[in-house]
């Protein structure tokens, strides 16, 4: 079995979480109780628990942008990243950082987008031209 990352965090409404993570993002639902629900988040496990979401602020400087910290997300293959960007745009997603290429022509060139889930949890999705580029030095 490959290593699978697990991340648990708070949301305030499980029905709304199921709609966003299940329908908008297309994540498959796993186990659940009346206080939490698991999702297959692009090959990794997230557990959404009822509670107060963590505080975030735009304190992460990446190039010329200030991005929300802390945040989580996934790295997708470029076609899947583009399809997700299109799906989010069609759903009326208010992007914190719209889909774009960052560090173009440099080591670590990446496609990125930031948005918030309905509870204010920041999410970033990235794509790279090759797997080696994920850890390329600037």
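The values are calculated or read from the model by the stated rules, or taken from the named source; none is laboratory data. Keep in mind the model is a prediction, meaning the values are calculated, not measured. Please note: Cβ atoms are built from the backbone with ideal geometry, for glycine as well, and neighbour counts cover all protein chains shown.
Considering the stretch 94-125, and only residues there that are modelled with pLDDT of 95 or more and not in a strand (DSSP E or B), the residue that is surrounded by the fewest Cβ atoms within 10 Å (Cβ to Cβ) turns out to be 120.
Where residues in the stretch 75-93 are touching a strand residue (DSSP E or B) at 6+ places or on another chain (Cβ under 9 Å) and outside any helix (DSSP H, G or I), which of them is surrounded by the fewest Cβ atoms within 10 Å (Cβ to Cβ)? Out of the qualifying residues, it is 77.
So, in the stretch 126-138, of the ones that are in contact (Cβ under 8 Å) with a residue 40 or more places away in the chain and over 12 Å from the mean Cα position of the chain (by Cα), which residue ends up surrounded by the most Cβ atoms within 10 Å (Cβ to Cβ)?
Within the stretch 126-138, the subset in contact (Cβ under 8 Å) with a residue 40 or more places away in the chain is 126-129, 134.
Restricting the remaining residues to those that are over 12 Å from the mean Cα position of the chain (by Cα) gives 128-129, 134.
Working: 128: 20, 129: 12, 134: 13.
The qualifying residue surrounded by the most Cβ atoms within 10 Å (Cβ to Cβ) is 128.
Residues in the stretch 10-19 include at least one that is in contact with a helix residue (DSSP H, G or I) (Cβ under 9 Å, 6 or more places away or on another chain) and part of a strand (DSSP E or B).
Of everything in the stretch 46-66 that is free of Cβ contacts under 8 Å to residues at least 40 places away in the same chain and in a loop (DSSP other than H, G, I, E, B), the residue that is surrounded by the fewest Cβ atoms within 10 Å (Cβ to Cβ) is 64.
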